[in-house]
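Just below is one structure, and these are the notes that go with it.
The values are calculated or read from the model by the stated rules, or taken from the named source; none is laboratory data. Just so we're clear, the structure is a prediction, and the values are computed from it rather than from any experiment. Methodologically, a virtual Cβ is constructed for each residue, glycine included, from the backbone with ideal geometry; neighbour enumeration extends over all protein chains shown. Note: accessible area is taken over every heavy atom of the protein model, side chains too, but ligands, DNA and RNA are not part of it. Shrake-Rupley method; radii C 1.70, N 1.55, O 1.52, S 1.80 Å.
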Amino acid sequence: MSDLGPSGLPVPPPNPNLETQRFWDATAEGRLELPRCDSCGHVVWYPRERCDQCGSTSVTWFEASGRGTVYSCTVTRRIPGSWRAAAPFVLAYVELDEGPRVVTNIVGCDPETVHIGQAVQVVFDPTPDGPALLRFTPA
Amino acid sequence: MAASVPPVTIRGKALIAGVYEHPGRELPDRTLPQIHADVAAGALADAGLTLADVDAYYSAGDAPGFGALSMVEYLGLDCSYIDDTETGGSAYLVHAQHAAAAIAAGHVNVALITLAGKPRTGGAGPGGSARFSSAPEASFENQFGMSVSGGYALAAARHMHEFGTTSEQLAEVKVAASTHAQHNPHAFLQDVVTVDEVVSSPMISDPLHRLDCCVITDGGGALVLVSEAVAASLDRHCTPVLGTGTSIKHTSGGRIDLTHTGATRSGPLAFAEAGVTPADIDYVSIYDSFTITVLMTLEDLGFCAKGDGGRFVSDGALQSPGGVLPFNTDGGGLCNNHPANRGGMTKVVEAVRQLRGEAHAAVQVPDCELALAHGTGGSLATRMGSATLVLGRST
Ligand SMILES: [Zn+2]
């Protein structure tokens, strides 16, 4: 079992690489940074140094709002392995105001109250290594 | 993108001569390579061929070691053509497509495709953890407790939100599968269940209940595809491959649409190549990792309009005999078998049984002339490999 973050959920450390180090470094400082394509303006997710829309390899990082809306959600009640003790918890896709839909958890509320269309705000759940996981709480 | 028939079609140029589904559902005393060998022997015997006749071998992520490199040696094959394409549970339909193309091109005479796994009795799962942890998306999806059922639940929840699909409608898929499984003596679950029993089974990940989920079984299966010349030399009635389609549907750079599957592309490709439409199909084998997988796939293949899947599967539509679209007459992954957590192989096997008239008499579709088999690998929640085969009556 990983340690638990302030959210009460496991905080398995991510595995940054040369393309994602900037993203993770920003989360450690409580900022959500995303890459935007210099050629077509597309906000790229998952973070990488290329645009999946136009093929450009030139992106510029910018600080995102951290605001979003629940696109889909589920209360996971039974799960094997290291997450067993964390159930029930909310697994979700949140659509960021900047466009990308990201896999995450909704925390800081009664899981039974989370619903599609709900406005949410990012919270940074620090992992033992420093980088933080993006989780969301009702706005 | 409009589907179009390729200038050189494989239509009818390759035939499925042998199929085999391992009868075991718990195989603690067999090794993974042994199960691959068991199902290879079964499918070759079904075709009336031997290992010495095989000149092409196909395996996916469930094959141990170096995949085809390891298994060709273990099985004692002499192959001039191999393919390790890995798309999860749909891989075996992709292999059938690739084998049909290689046969049509004259490169291959006898192609062997095998699947084996032991998720029930402790064998290692398919794929290496190192391979998955180094995926570029890994740290952006794997840190949040996404189980397989949790991921499919996200798709189901969004489908319900957009189209009003209900848990009772999803349950109809399981009910139909269970009515078929009662006739299959090898089925892991043989009891007929009701809609009420499905929706009152324990919630795993809202809105998916335990009985919305497939079984976990050991076992495997194999296919043998042959050229027209080889088919003509066999006593076995062979099943022509009429149309094939493959697609990968992914998160589209973070703009995933959870309400459709890759069948929106693989289906039209297969129908176009076969020169038929959904209305022509007599029987379907639809990968049923979860009830929602079937419902969305049926919509995406064009058996009903997008969003109408819930209404379509109600009132016994999927049951054989009598339903408008009999499906998974072996009981499918929901009741019968889901070897290695990969359901594509058994979908093809039951479709061939139907076209041969060798399904169980209680579920055999009368005059079954055209069947469709569809596989989904990966996850509805992220990225999936989808593959569709249209198969003709055995001749
Ligand atoms: Zn771009």
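Observations, loosely collected:
- The lone exception for A:Gly99 - which of (1) outside any helix (DSSP H, G or I); (2) touching a residue at least 40 places away in the same chain (Cβ under 8 Å); (3) more than 16 Å from the ligand (Cβ to nearest atom); (4) small (Gly, Ala, Ser) it fails: (3)
- The range A:102-139: number of residues that are in contact (Cβ under 8 Å) with a residue 12 or more places away in the chain and closer than 18 Å to B:Gly145 by Cβ: 26
- The range A:15-46, residues that are of a type outside the set (Lys, Arg), within 16 Å of the ligand (Cβ to nearest atom) and on the phi < 0 side of the Ramachandran plot: A:Glu19, A:Leu34, A:Pro35, A:Cys37, A:Asp38, A:Ser39, A:Cys40, A:His42, A:Val43, A:Val44, A:Trp45, A:Tyr46
- Restricting attention to the range A:105-139, the residues that are in a loop (DSSP other than H, G, I, E, B) and either open to solvent by 50 Å² or more (accessible area, probe 1.4 Å) or under 17 Å from A:Val70 (Cα atoms) (or both) add up to 12.
- Checked against the criterion of being open to solvent by less than 40 Å² (accessible area, probe 1.4 Å), closer than 18 Å to A:Ile106 by Cβ, not in a strand (DSSP E or B) and not basic (Lys, Arg), the range A:47-62 contains not a single residue that satisfies it.
- Residues of the range A:24-42 satisfying the condition of being under 17 Å from B:Ser252 (Cβ atoms) and not basic (Lys, Arg): A:Leu34, A:Pro35, A:Cys37, A:Cys40, A:Gly41, A:His42
- Scanning the range A:47-96 for residues that are within 9 Å of chain B (Cβ to nearest Cβ), within 15 Å of the ligand (Cβ to nearest atom) and over 19 Å from A:Leu134 (Cβ atoms), we see that the one that is farthest from the chain's Cα centre (by Cα) is A:Gln53.
- Complete set of residues in the range A:1-39 that are within 8 Å of chain B (Cβ to nearest Cβ) and in a strand (DSSP E or B): A:Pro10
- Wholly enclosed strands (runs of 3 or more DSSP E) of the range B:150-260 bearing at least 2 residues more than 18 Å from B:Leu380 (Cα to Cα) and more than 14 Å from chain A (Cβ to nearest Cβ): B:219-227, B:239-249
- Subset of the range B:340-363 (residues that are in contact with a Lys or Arg (Cβ under 6 Å, 6 or more places away or on another chain) and assigned to a helix (DSSP H, G or I)): B:Leu355
- Pair list, Cβ under 7 Å, 6 or more apart: the range A:51-64 residue within 10 Å of A:Gly41 (Cα to Cα) and not assigned by TED's automatic domain parsing to the domain that holds A:Val122, other residue more than 8 Å from the ligand (Cβ to nearest atom) and among the small types (Gly, Ala, Ser): A:Gln53/B:Gly253
- Single condition B:Ile292 does not satisfy, out of (1) under 10 Å from B:Thr388 (Cβ atoms); (2) assigned to a helix (DSSP H, G or I): (1)
One line per residue, one yes/no per condition, for (1) in a loop (DSSP other than H, G, I, E, B); (2) of a type in the set (A, V, I, L, M, F, W, C):
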position: B:Thr9; (1), (2): yes, no
position: B:Arg25; (1), (2): yes, no
position: B:Pro28; (1), (2): yes, no
position: B:His36; (1), (2): no, no
position: B:Gly42; (1), (2): no, no
position: B:Ala45; (1), (2): no, yes
position: B:Ala60; (1), (2): yes, yes
position: B:Ser70; (1), (2): no, no
